[in-house]
Amino acid sequence: MSGRVYRLHSTLELPLEEVMDYFENDPDLPPEVEDVDITRRNNTLIIKAVSTDDSLSKYTPTAQLKASVTENRVYEEEPPRAGAPAWGEEEEEIPSELVEFACFKGDLETVLQNTALQYPMFLVLREIALLSEKGTLTAITENDGDLQATRIVEGETRAASVEVVENPQQNSSSDSGVNWRDNKFIS
């Protein structure tokens with residue numbers, strides 16, 4: 001399988017426990033990926049591809065997914081809004097717990113690093129995105145010579161397309177920027 005990732009943007013957030021459960025349940029990985037090494041360094045989660053190709057040098061860095069780990073309070077029901085009138089009622093505490101979330105947020109080199117096995121690890125990220133209830137994943141990839149657009153919003157695949165234009169500047173307004181050369185405020 002050949003493939004390449006050209007553009008990627010992710011705002012995915014899902015409980016760290018769900019990510020770990022996904023990999024512990026022996027998921028179907030792409031054929032080029034034998035396994036993944038999962039490392040946590042402080043508030044960073046790194047999921048690194050282990051190649052099935054023995055000819056790949058042990059010094060060649062394989063693709064890895066990188067997520068920041070944050071702790072968020074999750075409520076069993078919607079908490080009351082700040083500043084809402086209590087109307088003389090005694091406020092009872094809403095049950096909640098602190099949950100660690102894996103946040104795959106950023107562009108290509110922030111979320112999906114290194115080029116060896118990059119496309120297969122994108123496929124792994126796509127599967128993780130389908131588990132996520134919060135955030136989006138958008139990407140432009142190439143597989144066997146065909147460009148593919150991917151868009152996953154809150155765990156659901158949405159329609160996406162790739163548009164090729166002759167001159168990208170035609171779609172944007174040229175009057176929206178500041179003309180620094182003819183600016184009367186700069187002497």
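Values quoted throughout were computed directly from the atomic coordinates according to the rules given, and no laboratory measurement underlies them. Since this is a predicted model, take the numbers as computed values, not measurements. Cβ coordinates were reconstructed from backbone atoms using ideal geometry, including for glycine residues, and neighbour counts include every protein chain displayed.
Could you give me the ³J(HN,Hα) list for region 95-106, computed from phi with Karplus coefficients 6.51, -1.76, 1.60 and θ = phi - 60°, whole Hz, x at Gly and Pro?
Result, ordered by residue: x, 8, 8, 8, 10, 7, 10, 8, 10, 8, 10, x Hz.
Between Asn43 and Val164, take the C-beta separation as r, use R0 = 41 Å, and let me know the FRET efficiency to the nearest 0.05.
Details: r = 39 Å, r/R0 = 0.96.
Calculated value: 0.55.
Per 0.36 nm of contour for each residue apart, how much would the distance between Asp107 and Glu77 grow if the chain were fully extended, relative to their Cα-Cα spacing?
Values: separation 30, 0.36 × 30 = 10.80 nm, distance 3.30 nm.
The span from Asp107 to Glu77 would gain 7.5 nm if fully extended.
Quick one: net charge of His9's neighbours, Cβ under 12 Å, K/R +1, D/E -1?
Numbers: positive: Arg7, Lys105, Arg151; negative: Asp107, Glu109.
Cβ neighbours under 12 Å give a net charge of +1.
Residues of region 90-119 with backbone nitrogen within less than 19 Å of a virtual label 7 Å along the Cα-to-Cβ line of Glu17, please, listed as ranges.
So the set is 94-104.
Do me a favour and compute the ellipsoid semi-axes for region 99-146 from its Cα gyration tensor, root of five times each eigenvalue, largest one first, whole Å. The partial results should precede the final answer.
On the way: eigenvalues 88, 31, 19 Å².
Taking √(5λ) for each Cα gyration eigenvalue gives 21, 12, 10 Å.
Given labels modelled 7 Å from the Cα in the Cβ direction, how far is it in nm from Arg151 to Asp53?
Distance between label points: 3.2 nm.
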